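Structure first, commentary second.
The values are calculated or read from the model by the stated rules, or taken from the named source; none is laboratory data. Computed from a predicted structure; not experimentally measured. Here the Cβ positions follow ideal geometry from the backbone for every residue, glycine too, while neighbour counts run over all protein chains shown. Ligands, DNA and RNA are excluded from the accessible area calculation, which covers all protein heavy atoms including side chains. Shrake-Rupley method; radii C 1.70, N 1.55, O 1.52, S 1.80 Å.
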Amino acid sequence: ITDTNGQTVTSGNIIVTEPSPIVLAASVTNVSCNGGGDGAISLSVSGGTGTINYVWSNSATSQSVSSLVAGSYYVTVIDNNNCSMIDTDVVNEPDLIIDTTSVSICQGQTYQGYSGTGFYIDTLTSFSGCDSIVVLNLKINATKNTIIDTTICDNEFINVGGVIHNIA
């Protein structure tokens with residue numbers, strides 16, 4: 001048997017040892033805002049032989065990747081002996097916050113500055129930079145004016161729309 005250094009052994013016990021396997025541990029940082037791109041994955045690698053190379057599904061070749069959007073990422077880790085390990089990690093993102101409110105007001109009134117029937121959409125940004133969407137469904141109710149022409153005397157009452165009125 002001849003090894004890669006040209007050393008030959010013709011008799012005796014020969015012990016062949018394997019290098020330690022590649023072991024991966026990933027630390028995932030999720031995206032902070034819905035639709036954001038600040039996720040990251042950092043790998044801790046042990047074992048393997050010699051230089052360790054990385055090939056990520058997004059074409060990166062470093063041990064850690066950043067500026068990631070939500071999604072699945074896989075990495076192939078290869079050592080000098082072409083031994084490899086594949087790891088898949090998921091970067092998550094928070095749900096988009098959408099709040100819908102329906103409000104009815106009387107004609108001539110306003111609600112938070114709005115005075116016409118319809119949908120109003122506002123995008124709000126939190127202190128951390130995340131957006132949320134607020135939808136206002138505003139309905140304007142027509143007002144009804146009733147003119148009553150009647151005469152009542154002192155200490156008499158009149159019922160208008162369920163409300164008792166008098167002159168005292």
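Numerical summary
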read-out: S59 farther than 30 Å from L124 by Cβ and either in contact with a strand residue (DSSP E or B) (Cβ under 8 Å, 6 or more places away or on another chain) or of a type in the set (V, I, T) (or both); value: no
read-out: Flag if D79 is surrounded by 11 or more Cβ atoms within 10 Å (Cβ to Cβ), more than 26 Å from the chain's Cα centre (by Cα), over 30 Å from C130 (Cα atoms) and of a type in the set (D, E); value: yes
read-out: Lone unmet requirement of (1) open to solvent by 50 Å² or more (accessible area, probe 1.4 Å); (2) out of contact with any Ser or Thr (no Cβ under 9 Å at 6 or more places or on another chain); (3) part of a loop (DSSP other than H, G, I, E, B) for G36; value: (1)
read-out: Residue match in the range 46-54 (condition: within 25 Å of the chain's Cα centre (by Cα) and of a type outside the set (G, A, S)); value: no
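Let's see how each residue does on (1) touching a strand residue (DSSP E or B) at 6+ places or on another chain (Cβ under 6 Å); (2) surrounded by 10 or more Cβ atoms within 10 Å (Cβ to Cβ):
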| site | (1), (2) |
| --- | --- |
| E93 | no, yes |
| L96 | no, yes |
| S104 | yes, yes |
| G108 | no, no |
| L124 | yes, yes |
| L136 | yes, yes |
| T150 | no, no |
| D154 | no, no |
| H165 | yes, yes |
